[in-house]
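Below: the structure, in C-alpha cells.
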Amino acid sequence: MEKIQLSNGIEIPQIGFGTWQIPSGTVIRESVRSAFDAGYRHIDTAAAYFNEEGVGQAIAESGLTRSELFITTKLHNEDHGYDLTMKGFEKSLKALGLDYVDLYLIHWPNPIAHRHHWQEANAGSWKAMEELYEAGLIKAIGLSNFQIRHIEELMKSATIAPMVNQIRLFAGEQQRELVSYCRKMGMVIEAYSPLGTGNLLKNETITSLAERYGKSAAQISLRYLVQKGFVVLPKSIRDETIRENLTVFDFTLTEETMDLLDRMENTVSETRNPDDAPF
C-alpha cells in the first residue's frame, strides 16, 4: 500500500474502503471485515451513511491495533455550526467506538438545513474542528464536495488550512480547476465514486484497456486515479471485488494511456452543484 503525506505530516493510505450505500448491520460489518482481511487499513464512512456503528463493530472485532488504521468520518448536514458540530462529532466517535478519528470532514458545504447562513455555519463548524484537532481527537481535518467559492469563504475565518478535499473524480470527470486550486492550497485530493458508480466497468475505452493490460476495468480506472496522485475510495460488498480493487500497485499505465483517459468525455453524469443539493 502506498501512502500520501498530508500537510501536517500525517500519512494516509492511498486506497481506502468506501462505505457509502453499504447498509448498516450485518452487511457493513462483513464488508469492512472483508476489507481488513484483504489488506485495507483505511476506512471511509460518514454520519449520513448511517453505518458508523457497524464500522466500529468491525474495527473492534478485527484484532487490529488502532495505530494500524486510518478512519475517516464526516459531519452530518444537519449539524453545521460550532455547537452542533461538537455534538455531532461526539455522536460519531461514540458510534465508531473510538477515542479519536484520523480524518474528519465537513461533508457538504451548503446543506438545506443551513442554506440561509452557510458561510457562518461552516465557519462555526471549522472552529469546532480546529479545537478538536488541537485536542488530539482528530488527527487531520478537511472538506468534502467544497468548490473554490466555498473554500475561499471558509478561509476568511480559518486558522488551520484544510488538509483534504474529497470530491467526485473518475476518468471523464476531472474537475481540473478545483483540483489545481486545492493542490496549490496544500490539500490532498480524495476521489469518491472512482468507478463512476459502476458505469466505467462497461465503458468501451476502459474495457479495451483492461484487455490490453490483462486487468479488470475497475483496476484500470483505479490505477488511473492512483497515478494522478489522488487518494481513491472504491466501494464493494463482494469479497472478490474488494480484493481486486486493492490490487493496483503491481502495474503502471503508460503515458499514452494516461493521456487517453485524461481526454475521455464524461459518460456518466455531471457532478452535482452543492448549492443545489436537495439535502
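The values are calculated or read from the model by the stated rules, or taken from the named source; none is laboratory data. What you see is a predicted model, and the numbers here were worked out from it, not measured in a lab. Glycine also receives a Cβ, built like all others from the backbone with ideal geometry; neighbour counts cover every protein chain displayed.
Quick look at the numbers
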read-out	value
Pick from region 197-223, criterion at pLDDT 95 or above and not in a helix (DSSP H, G or I), ranking: surrounded by the fewest Cβ atoms within 10 Å (Cβ to Cβ)	Gly214
When residues of region 240-263 are limited to those that are of a type outside the set (D, E, K, R) and without any contact (Cβ under 8 Å) to a residue 24 or more places away in the chain, the one farthest from Leu222 (Cα to Cα)	Thr254
Residue within region 57-72 that is among the polar types (S, T, N, Q), closer than 19 Å to Phe279 by Cβ and in a strand (DSSP E or B) present	no
Qualifying positions in region 165-190 - of a type in the set (Phe, Trp, Tyr) and without any contact (Cβ under 8 Å) to a residue 40 or more places away in the chain	Tyr181
Filtered residue count, region 73-106, keeping only those that are in a strand (DSSP E or B), within 23 Å of His150 (Cα to Cα) and free of Cβ contacts under 8 Å to residues at least 40 places away in the same chain	2
Matching residues, region 221-279, being farther than 17 Å from Val179 by Cα, of a type in the set (Phe, Trp, Tyr) and in contact with a Phe, Trp or Tyr (Cβ under 9 Å, 6 or more places away or on another chain)	Phe251, Phe279
Some residue of region 16-39 being buried (at least 22 other Cβ atoms within 10 Å of the Cβ), within 23 Å of Met155 (Cβ to Cβ) and of a type outside the set (S, T, N, Q)	no
Yes/no for Gly97 being surrounded by fewer than 15 Cβ atoms within 10 Å (Cβ to Cβ) and within 21 Å of Trp20 (Cα to Cα)	yes
Residue identified as out of contact with any Ser or Thr (no Cβ under 9 Å at 6 or more places or on another chain), aliphatic (A, V, I, L, M) and closer than 21 Å to Met258 by Cβ among Ile160, Ile220, Ile189, Ile167	Ile189
